[in-house]
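Down below is the structure, laid out as structure tokens.
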Amino acid sequence: MKNILYYFVKFWIKTGLFFYYGKITFSGLENVADARSTLFLPNHQSALMDALLLAVASNRKPYFLTRSDIFNNRFVTPVLHFFRMIPIYRIRDGRQNLIHNEAIFARCAQLLGKGESILMFPEANHSLKRRIRPLTKGFTRILRRTIEQQPDLDLRVVPVGMNYRNANCFPNRVHIKIGKNIPLNAWYDAKDPESSPHKIMNAVSEKLKTLTTDIPSIESYEVILRQLDELGVDYLNPEAVNRVIQNLRSNIKIKKAPQKTNFFSDFLKVLFWIVNFPVLVGWRAFIKPKVPEAEFLETFRFAYALLVYPLYYLSLFLVLSSQGTILFAVGCVLGIVIINWSYVRLA
């Protein structure tokens, strides 16, 4: 029964993602086609959306290492456990709590030993900045535990690039690039376990920098980002964007790419606002002001849409069917669904 509920919720979320994003593309799925023990290591931009998209893309049932503070609510905790989320403690959670991570790492090693998959964000925090931040050692401790317990385990370490057109805007598009497995024998030396973590961290970091847009300069970040935006680069193609970054100089001015006017798209946007007015007002007036961080905006917006739209469509159907025929009500609701889908796809 528990598995049935899990897969029903996953189907619901997958359907919601299909209608929410204008386009979701994947590359490298062949790298995780089988069910081997896998540690997914994606970059982290958009809070829970990164995990949801990767879970759907990989067609696996992974465990998620998640910041421990969200487990503080006793009503939310059972839901998190149901979705296979495991708390991980950070320095900001208090140094006295870091000792709990040892048990977490041991559990993760056991799960990998049983052929399970785990998703962990090696940057340890989220950020909207288009760059790979320094990685933390947490995932290397899990790998070391796993190798020490089962040295012959066929364990796959898979870096993943999460690429959003704009992680904070709607409609949005995303490209998930799943990298090739990083062989552990290239970095782990049982005779020198102390230097091994740095080798694997460097290997994962360098690979992530090829799977997503990486603006390495902190000092010139805003200038380079503005140049990229003015050039109109496609952030869903990180290889091309990174080549542009290599040829940019922070002290030159870029001629802004001309913006094309799309009257049909503008018309769809107006139509979208008209047919969804109650839902959009509810979002802007009551939910959006309560979003705690900019990185959570997309997560809150998706959760709101996932919960509210089925109720909205059902309410419209009941009201319209009470005033006319069922066929008329179905036609009107279906028309709104088509308008919404068209707006998201073409915007």
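Observations
- Taking the listed residues 173, 165, the one that is under 16 Å from residue 235 (Cβ atoms), open to solvent by 70 Å² or more (accessible area, probe 1.4 Å) and at pLDDT 90 or above is 165, with no other qualifying.
- Residue that is least open to solvent (accessible area, probe 1.4 Å), among those in segment 18-51 that are without any contact (Cβ under 8 Å) to a residue 60 or more places away in the chain and not small (Gly, Ala, Ser): 34
- Qualifying residue in segment 293-304 (condition: closer than 24 Å to residue 12 by Cβ and either of a type in the set (Val, Ile, Thr) or open to solvent by 60 Å² or more (accessible area, probe 1.4 Å) (or both)): yes
For every residue, the table says whether it meets (1) modelled with pLDDT under 95; (2) among the hydrophobic types (A, V, I, L, M, F, W, C).
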| position | (1), (2) |
| --- | --- |
| 181 | yes, no |
| 210 | no, no |
| 218 | yes, yes |
| 231 | yes, yes |
| 242 | no, no |
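- Selection count where residues are part of a helix (DSSP H, G or I) and either touching a residue at least 24 places away in the same chain (Cβ under 8 Å) or within 22 Å of residue 23 (Cβ to Cβ) (or both), scope segment 210-225: 6
- Matching residues in segment 279-308 - criterion: being acidic (Asp, Glu) and in a loop (DSSP other than H, G, I, E, B): 293
- Residue check, residue 54 in a helix (DSSP H, G or I), surrounded by 15 or more Cβ atoms within 10 Å (Cβ to Cβ) and without any contact (Cβ under 8 Å) to a residue 24 or more places away in the chain: no
- Unmet criterion (only one of (1) surrounded by fewer than 16 Cβ atoms within 10 Å (Cβ to Cβ); (2) of a type outside the set (Ser, Thr, Tyr); (3) more than 19 Å from residue 204 (Cβ to Cβ); (4) in contact with a Pro (Cβ under 9 Å, 6 or more places away or on another chain)) for residue 151: (4)
- Taken as a whole, the structure leaves residue 272 outside the set of residues that are surrounded by 16 or more Cβ atoms within 10 Å (Cβ to Cβ), touching a helix residue (DSSP H, G or I) at 6+ places or on another chain (Cβ under 6 Å), at pLDDT below 95 and more than 30 Å from residue 145 (Cβ to Cβ).
- Elements of the type helices (runs of 4 or more DSSP H) sitting completely within segment 57-160 and holding at least 3 residues that are under 26 Å from residue 189 (Cα atoms) and either modelled with pLDDT under 95 or over 23 Å from the mean Cα position of the chain (by Cα) (or both): these cover 101-113, 138-149.
- Test for residue 84: is it surrounded by 16 or more Cβ atoms within 10 Å (Cβ to Cβ), under 30 Å from residue 217 (Cα atoms) and charged (D, E, K, R): no
- Some residue of segment 199-209 being at negative phi and either of a type in the set (Phe, Trp, Tyr) or in a loop (DSSP other than H, G, I, E, B) (or both): no
The values are calculated or read from the model by the stated rules, or taken from the named source; none is laboratory data. What you see is a predicted model, and the numbers here were worked out from it, not measured in a lab. In this analysis, Cβ positions are derived from the backbone assuming ideal geometry, glycine residues included, and neighbour counts consider all displayed protein chains. The area values use the complete protein model at the heavy-atom level, side chains included, leaving out ligands, DNA and RNA. Shrake-Rupley method; radii C 1.70, N 1.55, O 1.52, S 1.80 Å.
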